[in-house]
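Here's a structure for you.
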Amino acid sequence: MVYDRNDEANIKAGFLYLVMTHIGTACIIVAFLLIYNFSHSFEFETMRLSISAIPSFVKNIIFILVLIGFGTKAGIIPFHIWLPSAHPAAPSHVSALMSGVMIKTGIYMMIRIFFDMFGSIPLWWGIAVLGIGSVSALLGVLYALTEHDIKRLLAYHSIENIGIILLGLGSSLIFYSLGNTTLALLGLGAALYHTLNHATFKSLLFLSAGSVINQTHTRNMEEYGGLLKYMPRTAFFFLIGSMAISALPPFNGFFSEWLTFQALMQGMSSPDVLIKSMFVLAIGALSLTGGLALACFVKAFGATFLARPRSLELAHAKDSAFPLSLAMGSLALCCLLFGIFSGYLGSIFITLGESLHLFSDVSPIINSSPDHTLTAPNGFGSVSAPVFFIFFVLVIFLVMIITKFGIYRNQKIKNGSTWDCGTDLTPRMEISATGFARSIIRIFSGVLRPSIQREIEYRDSESRYLSKKMTVNLKMNDIYQTYLYEPLKKILVSISIRTKMIQSGNLNMYVLYILIAVTTALFLLK
Amino acid sequence: MITFAWILQLIFVPMLSPLCIGIIRKIKAILQNRQGAPIVQPYTDIWKLLHKDEVVSSDASWIFRYAPFVVFGVTILVGASIPLFASFLQNTLTSDLLLIVYSLALGTFFLALAGMDTGSAFGGFASSREMTVSALAEGGFILALLTISLIAGTTNLFAISNAEILHTGKLFLPVVLAFTGFCIVLLAETGRFPFDNPATHLELTMIHEAMILEYSGKRLALMEWAAANKFLIFAALGANLFFPYGIGEHPTIEAITVGIVALMLKTLGFCLGIGIIESSMAKFRFFRLPDLLITSVILSAVAIGLIQIL
């Protein structure tokens, strides 16, 4: 990741990544050692068999450690801080791999440990995962909206999508502990399906963003604009990625979110008030996330590819080379095909879930026969992607034919300049990426904590009517940085200063330390 | 008979939607002591626009050129997939609640992109506002419809409009609460008071009208028509999902006629309500709109809570 080692920001991001993943690894190692204490083996199969011997108190500790450990690797909030700084530092193809594959390994291990190893799951585990999923999804997309660095924006969207995956996983855990294995299978299938979909569209988005960065030499979206005319293929692929990640049909993102929604809706009919309200909150979070993600990608696509270029650099931009276009094109095709064949894929993922030991005794299998429709259990809903797609294409095609040839065939179309109240329209008048998200930032100012500083230089020191220059500084205060990581850092530093006292530099003292350590060890091992 | 009903279902929304807009304008005119234009004026407007030459901005890309077809196509697709006058036209393929919500979002996506494409400041800010409002409205929209789908036990819209329990009028309170939440979303999504002013010519307050400011000719006709379609779609959803009285349950000519009359009466009710709101209150300040949208989310959440207690 520290590819360009001359850049200080890269080194810093690299270290942050190193520290965070090591904290995660430490938690994971402790969790496995705790299991080893009972199983006396690191073989997964042996661990699974001896899991019932572990008292529930220790199990809960293992759950928390696993959640923190693999959650750090997956980038759940509040252990996400390495993700947005790691992505801009890494080259784009590495980002594509990191978002597409690396953070998914965390999800894989969570599924492996919770579903494969643990036989009985307490209810609060599922509720905790569902809560973390809701928070990650909602905050991830809100922070993404505040970004104008295109790769940080995409990195925050990875956090959002991990949140959506956890919503499916959490609902699955809850249903399993309630004994409803059919619905648990549905939730797990939704989570797995979204994992695959996120890997496709996020890789596509990172590759196309990387190709834009390559041509413009900046990650700042405020300097983009009008790139659609210079890089038409890249723009088209980015558009498809944006539509897929915003869950617009007929692309794949919609169908995995549909399954997640269905799993959550089934939970809402639960008689227990706590569970029901958890599910209502999760659905509220998921639907708000969907709306905000749409706004965020209108911003990202609009600011990057539409209107006029905001800097002169862009005039030299060329479209991506053929191999890169081929890579993006095949990923874009995957986004469409994984959507159209959602019925088949849904049943594949549910069959995958069935292969877990937990679900070996599930008799009423949903979606068992591969079909073009995606169906929810109990006849709750169904949707057919191919029919929608054909209908959609047909309608648009017909509308185009009829309006073009059916009515007033001799219509003349001429080019003119955009209406601008009689002034000279310049690129500075277009809406900027920050301006686009400004109203949403203000509405959610309770969470995002924006701070604004204005500096005005006046033309005349006497009168304060005519300003010469004005600078506005808009900054987001990261609440995790201020309320979680800063205090932690302070405590850590003060402990380090205290322990420094034993480092006297005197050789005799160190020999004494060794003597004390050896004698204590001898006594303990006796 | 079924074929006839399907054809009617397909062309129903685009055929009658301009009429609804005409009726709203007439009601507003009457309330404001004006004569007003005839109620068929929107039809003649669209016809006129379809026969005009076009000016396209030289900054515009293919997004601007093709967005009207997508936006209009989506409203046709959605209009054909929701229950209008007959619940016997069962369709388990495209009439899912979430598919409808996200298809409408697809239209909004292209509308907002088209607004940004010409590089005008009006279009860009209108897109920003539109996306803010529609992002916040989405939660209320999904939760309001979910309340009904929980009562009916399905997310298929035709099955909901056919659900016995809604016809009997049990669970009246949750339905009314969710309906109130839905009405707020209806005003937001169709660009009506207090969210947006569809009749304004003052750029500072425009949302929808500013996004389509650069359009002319056929493309403007499609955009205006799509907005009208969207209104009728929301009115039909509100009428048929929350109060599915009178909807045709059997493929007979009488049932279809009763269904159409019932839908038109209920839509007339929506038109009347909007006419009164637009004549009696002012547009809200933009940053007061989130309060209203959050109210709609809370109303629906309370409604979901009440279902269980009953």
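So what is Rg over Rh here for region B:60-309, counting just Cα atoms and using Kirkwood for Rh?
Value, to two decimals: 0.97.
Amide H of B:Lys52 versus every other amide H placed in the peptide plane: which residues, excluding those fewer than 5 positions away on the same chain, fall under 5 Å?
B:Lys218
Strictly over 18 Å apart at the Cα level, which of A:Lys229/B:Lys52; A:Lys229/A:Lys412; A:Lys104/A:Lys202 would you flag in this model?
Beyond 18 Å: A:Lys229/B:Lys52; A:Lys229/A:Lys412.
For q values of 0.09, 0.10, 0.11, 0.18 Å⁻¹, compute log₁₀ I(q)/I(0) with the Debye formula on a Cα-only model of region A:216-347, without solvent.
Relative scattering, expressed as log10 I(q)/I(0), comes to -0.38, -0.46, -0.53, -1.00.
Give me the percent of DSSP beta bridges within the protein assembly as shown that run antiparallel, rounded to the nearest 5.
75 percent
As an exercise, use a Förster radius of 45 Å and the Cβ-Cβ distance of B:Phe287 and B:Trp6 to find the FRET efficiency, rounded to the nearest 0.05.
Working from the Cβ atoms, E equals 0.50.
Among B:Pro198, B:Pro18, B:Pro68, whose mean-square fluctuation peaks in a Gaussian network model of chain B (Cα, cutoff 10 Å)?
B:Pro198
From the helices alone, meaning DSSP H stretches of at least four residues, give me the mean residue ellipticity at 222 nm for chain B, per-run term -39500 (n - 2.57), in deg cm²/dmol to the nearest 500.
It lands at -23500 deg cm²/dmol.
May I pose another question? I'd like the Kirkwood hydrodynamic radius of region B:1-131, using the inverse of the mean 1/r over distinct C-alpha pairs, in Å.
17.4 Å
Radius of gyration and Dmax for region A:1-158's Cα atoms, expressed in Å?
17.3, 53
While we're on this one: Any idea how far apart A:Asn60 and B:Val176 come out in nm if each label point goes 7 Å out from Cα toward Cβ?
Those two pseudo-labels are separated by 4.5 nm.
Could you work out the Rg to Rh ratio of region B:38-197, with Rh taken as the Kirkwood radius (inverse of the mean 1/r over all Cα pairs)?
1.03
Another one. What are the aspartates and glutamates whose alpha-carbon lies under 17 Å from the alpha-carbon of B:Lys26, with same-chain residues fewer than 8 places away excluded?
List returned: B:Asp45, B:Glu278.
To check my understanding: the extent here is largest minus smallest coordinate of the Cα atoms along each principal axis. What are those three numbers for chain A, in Å, largest first?
Taking max minus min along each principal axis of the Cα atoms, chain A gives 98, 73, 48 Å.
Within chain A, which is the longest segment containing none of the GluC sites (Glu not before Pro) that sit in a DSSP loop and have at most 15 other Cβ atoms within 10 Å?
A:44-461
Charges on Cβ only, +1 for Lys and Arg, -1 for Asp and Glu, centred on the Cα centroid of region A:382-472; of A:Ile396, A:Ile413, A:Phe436, which one is farthest towards the dipole's positive end?
It is A:Ile396, whose Cα lies furthest towards the positive end.
Hey, what do the phi angles of region B:56-72 turn into as Karplus ³J(HN,Hα) couplings, whole Hz, using 6.51/-1.76/1.60 and θ = phi - 60°, x for Gly and Pro?
3J(HN,Hα) across region B:56-72, in whole Hz: 10, 4, 6, 7, 6, 10, 5, 4, 5, 6, 9, 4, x, 5, 5, 4, 6.
State log₁₀ I(q)/I(0) for region A:480-525 at q = 0.26, 0.27 Å⁻¹ as given by the Debye formula over alpha-carbon point scatterers of equal weight, solvent excluded.
Log10 of I(q)/I(0), two decimals: -0.88, -0.91.
For the residues A:Ser50, A:Ser171, B:Ser279, what sequence is obtained by ranking on other C-beta atoms within 10 Å, fewest first?
B:Ser279, A:Ser50, A:Ser171
How would B:Val78, B:Val71 line up from fewest to most surrounding beta-carbon atoms within 10 angstrom?
B:Val78, B:Val71
Among A:Lys202, A:Lys12, A:Lys299, B:Lys266, which comes first, then next, by fewest other beta-carbon atoms within 10 Å?
A:Lys12, B:Lys266, A:Lys202, A:Lys299
What's the tally of Lys pairs in region B:60-309 whose alpha-carbon atoms lie under 26 angstrom apart, where the two lysines are 8 or more places apart or on different chains?
Values: B:Lys170/B:Lys266; B:Lys218/B:Lys230; B:Lys230/B:Lys266; B:Lys230/B:Lys283; B:Lys266/B:Lys283.
So the count of such lysine pairs works out to 5.
Read-outs: derived from the displayed coordinates by stated rules, not from any lab. On a predicted model such as this, the values are computed, not experimentally measured, just so you know. Heads up, the Cβs are rebuilt from the backbone with ideal geometry, glycines too, and the neighbour counts pull from every protein chain shown.
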